[in-house]
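Structure, as structure tokens:
The values are calculated or read from the model by the stated rules, or taken from the named source; none is laboratory data. No experiment lies behind these values; they were computed from the predicted model shown. Glycine also receives a Cβ, built like all others from the backbone with ideal geometry; neighbour counts cover every protein chain displayed. Surface accessibility is based on the protein's heavy atoms, side chains included, excluding ligands, DNA and RNA. Shrake-Rupley method; radii C 1.70, N 1.55, O 1.52, S 1.80 Å.
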Amino acid sequence: MKAWTITGPAPHTMDDLTLTDVPEPTPSADEVKVYVRAVGLNPADYKVIADNTTTAPRVVGMDCAGEIVAVGAHVTDWAVGDRVMYHGDLRRAGSLAEFTVTTPLSLAPIPSNVSFELAAASLCSTLTAYQALYRKANLSELPTVLIHAGGGAVGIAALQFAHDLHLKTITTTSARKRPLIEKVGADVIIDYHQEDVTAAVLKATDGKGVGLSINTIGGAELAADVDRMAYNGQIIAIGDGMPADLDLDSKALGITRSALGGVYHSNNSQEIADLGFMAGVVGQKLAVGEFDPIIDRVLPFDDAAEGLKILQRGENLGKLVIQIQA
């Protein structure tokens, strides 16, 4: 089968990503085989390429929408022909291939009126936002949430979920991505190139600060959030890097890390199955028009490498999706 792979000695770059012939996978007794129809691209995909240290061919891609074409002997909840979506395990061969195998634990059904492309666009970043707001957040404090980088994929999803939770939303963005935020809606939009974010947040909250920050930036921006928080507020850290100086005591703040990647490494079947549950909720929201991942463009399979380069350069406005099979 055809698959996008990296091979050869590290360090790897995007130029090492090639469309090659690799053996078609066979599911074990506890796996399903999926005929891949669409793959949503994520920054983690090109980070995997840079971080890969093996010389053996590795298929990249983590978000998948397709049809089950084979089930292992121990799989009872899924059948051949089921339309499914899932956020994949980086320890396995990836989804940018004609076929892939995965655990059935994290699968979710794709509703009949939802396209493979929409489903594939609504996984990694969407589930990250869902986990942050529905699994991690303490919503008992001030009902105002600061969502960093609201024009990014996580931010777009977080804004929509925050609306569902009836939270007042404050978000940061660049002028280029402001139209994306205006499409989904936010109570306060801060252009971080033109405004002092802390001053703008305090102004929007009458000096109290926000009860919750969804911080996708990490690093020094986590420390800067302290001055933007209300007393007893909570920071949910999604971005990389934890600053050395983080004053949580003065305002009795809480900080929580939110990430999907470690779920599979935990080998906790309940947590892995929760990926499927969350994806199922998102699928239902797609079906009734309550969620829109905002797709920038759908690219053909042959253009997957170029799609990742577009994403890496930050030239997209919305999700990039690769159509594997029409």
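Normalised per residue, the accessible area of the chain is 42 Å², obtained with a 1.4 Å probe and no contribution from ligands, DNA or RNA. Other residues with beta-carbon under 14 Å from the beta-carbon of Trp78 carry, at +1 per Lys or Arg and -1 per Asp or Glu, a net charge of -3. In this structure the amide hydrogen of Thr256, modeled in the peptide plane, comes within under 5 Å of the amide hydrogens of Ile235, Ile236, Ala237, none closer than 5 places in sequence on its chain. Dividing the convex hull volume of the alpha carbon atoms of segment 240-298 by its residue count gives 200 Å³ per residue.
Sorted by accessible area with a 1.4 angstrom probe, largest first, how do Tyr86, Tyr134 fall?
On the way: Tyr86 10, Tyr134 75 Å².
So the residues, ranked largest to smallest area, are Tyr134, Tyr86.
The accessible area of Trp78, taken with all protein chains in place and a 1.4 Å probe, comes to roughly 50 Å².
With respect to the chain, whose longest principal axis is taken over its alpha-carbon atoms, helix 153-164 is tilted by about 60°. Only protein heavy atoms count here; under a 1.4 Å probe, Glu290 has an accessible surface of about 100 Å².
Keeping the other protein chains in place, figure out the carbon and sulfur percent of the accessible area of the chain, with a 1.4 Å probe.
51 percent
For the set Ile295, Ile189, Ile236, the ranking by accessible area, highest first and with no ligand, DNA or RNA atoms included, is Ile295, Ile189, Ile236 under a 1.4 Å probe.
Per-residue ellipticity at 222 nm for the chain, helices alone: DSSP H runs ≥ 4 residues times -39500 (n - 2.57), over residue total, nearest 500 deg cm²/dmol?
Working: 10 runs with 88 residues, N = 326.
Taken over the chain, the calculation gives -7500 deg cm²/dmol.
For the set Lys203/Lys251; Lys136/Lys203; Lys47/Lys177, the pairs lying more than 21 angstrom apart at their alpha carbons are Lys136/Lys203; Lys47/Lys177. With every protein chain in place and a 1.4 angstrom probe, the accessible-area ranking of Lys177, Lys47, largest first, reads Lys47, Lys177. Counting only protein heavy atoms and using a 1.4 Å probe, the accessible area of Phe277 comes to about 120 Å².
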